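**Student:** Okay, here's the structure, questions in a sec.
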Amino acid sequence: MGESRAAARTSETAETSVEVTLDVDGDGEARVDTGIGFFDHMLMALAKHGLFDLTVDCDGDLEVDDHHTVEDVAIVLGEAFDEALGDRRGIRRFADRRVPLDEAVAAVVLDVSGRPHFEFEGSFSAERVGGFTAGMAPHFARSLATNAGLTLHLAVEGENAHHEVEAVFKSLARALDDATRVDERRSDAPSTKGEL
């Protein structure tokens, strides 16, 4: 492969301290510590199924709730994707992935466009999965899309919130892997504008 597509980003606010490293062309290895066990599990699934090498360390105000931690990790991870992809030369750009988990299924349609946009359709069968608020799954996706410059359409259905949220993260992982892969036939940015 050509030059490395990796990045390291940090953020420090009154609510959270976040450190992220990302290698888009990794092996799916992850080390994650956010203080929210189920969120750690989801980020590890994102790395595993997207074949990204990922480290995430977050010290957040979990005594308040999980919102700031999940949102800020998504923001910093989005910035890392944006930096790692650089000028996006040669990438496939588009992806469309559906992933089932038992009765649940999630679908992600993705354009690594440089134009942030997010749409969500669906709901979750329970408010929480462990220490993770289920409604934070689409908020994570929105924050990631906004900071990585993605057009992202996400839908989910099912009967078990654990399965629904996990399907969301796995479909996002597979779509990100597909869209960010380098197409050896292409040497330029995949746009008639000549850049993304």
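Just so it is clear, none of the values below were taken in a lab; they were calculated from the coordinates. Just so you know, these numbers come straight off a predicted model, no measurement behind them. A quick note on method: Cβ atoms are made from the backbone with ideal geometry, for glycine too, and the neighbour counts reach across all protein chains shown.
**Student:** To the nearest 20 debye, what charge dipole does the chain have about its Cα centre, counting +1 at the Cβ of each Lys and Arg and -1 at the Cβ of each Asp and Glu?
**Tutor:** I would put it at about 1020 debye.
**Student:** Can you match Cα extents along the principal axes in Å to one of these, (1) 42, 38, 30; (2) 47, 37, 27; (3) 40, 33, 29, based on a calculation from the structure here?
**Tutor:** Computed from the coordinates, Cα extents along the principal axes in Å corresponds to (2).
**Student:** Right, another one. Near Leu154, within a Cβ-to-Cβ distance under 9 Å, what is the net charge of the other residues, with Lys and Arg +1 and Asp and Glu -1?
**Tutor:** Details: positive: Arg142; negative: Glu119, Glu121.
Here the charged neighbours net out to -1.
**Student:** Would you be so kind as to identify all helices of the chain, as entire DSSP H runs, whose Cα atoms reach 18 Å or more along the helix's own axis and whose mean Kyte-Doolittle hydropathy is at least 0.0?
**Tutor:** Membrane-span-like by this rule: 37-50, 67-85.
**Student:** A follow-up question, please. Run through segment 44-120 and list the GluC sites (Glu not before Pro) located in a DSSP loop whose Cβ has at most 15 other Cβ atoms within 10 Å.
**Tutor:** Passing both the DSSP loop test and the Cβ count: Glu63, Glu103.
**Student:** Could you tell me what percent of the DSSP beta bridges with both partners in segment 6-180 are antiparallel, to the nearest 5?
**Tutor:** 75
**Student:** Shifting gears a bit: What shape does segment 1-107 take by its C-alpha gyration tensor, where a ≥ b ≥ c are the square roots of the eigenvalues and a/c under 1.5 counts as rounded, a/b above b/c as prolate, and the rest as oblate?
**Tutor:** Details: a/c = 1.99, a/b = 1.23, b/c = 1.62.
Oblate.
**Student:** Ok, one more. Arranged by the count of other C-beta atoms within 10 angstrom, fewest first, what order do Leu144, Leu85 take? Before the final figure, lay out the partial values.
**Tutor:** Numbers: Leu144 26, Leu85 21.
If I rank by nearby Cβ atoms, fewest first, I get Leu85, Leu144.
**Student:** Right, another one. Per-residue counts of other Cβ atoms within 10 Å, averaged by peptide: what ranking do you get for 34-46, 90-102, highest first?
**Tutor:** Put in order of decreasing packing, that is 34-46, 90-102.
**Student:** About its Cα centre, what dipole magnitude does segment 71-156 give when the only charges are +1 on Lys and Arg Cβ and -1 on Asp and Glu Cβ, stated in debye to the nearest 20?
**Tutor:** 320
**Student:** So what is the relative contact order for segment 98-196, in percent, with contacts set as C-alpha pairs under 8 Å and at least six apart? Intermediate values should be presented prior to the final figure.
**Tutor:** Values: 178 pairs, mean separation 37.9, N = 99.
After rounding, I find 38 percent.
**Student:** Sticking with this one: Using Cα pairs under 8 angstrom and six or more residues apart, how large is the relative contact order of the chain, in percent? Intermediate results must be reported in sequence, preceding the final value.
**Tutor:** Working: 493 pairs, mean separation 47.8, N = 196.
Relative contact order here is 24 percent.
**Student:** Can you sort Lys170, Lys193 from fewest to most other Cβ atoms within 10 Å of each residue's own Cβ?
**Tutor:** Going from sparsest to densest Cβ surroundings: Lys193, Lys170.
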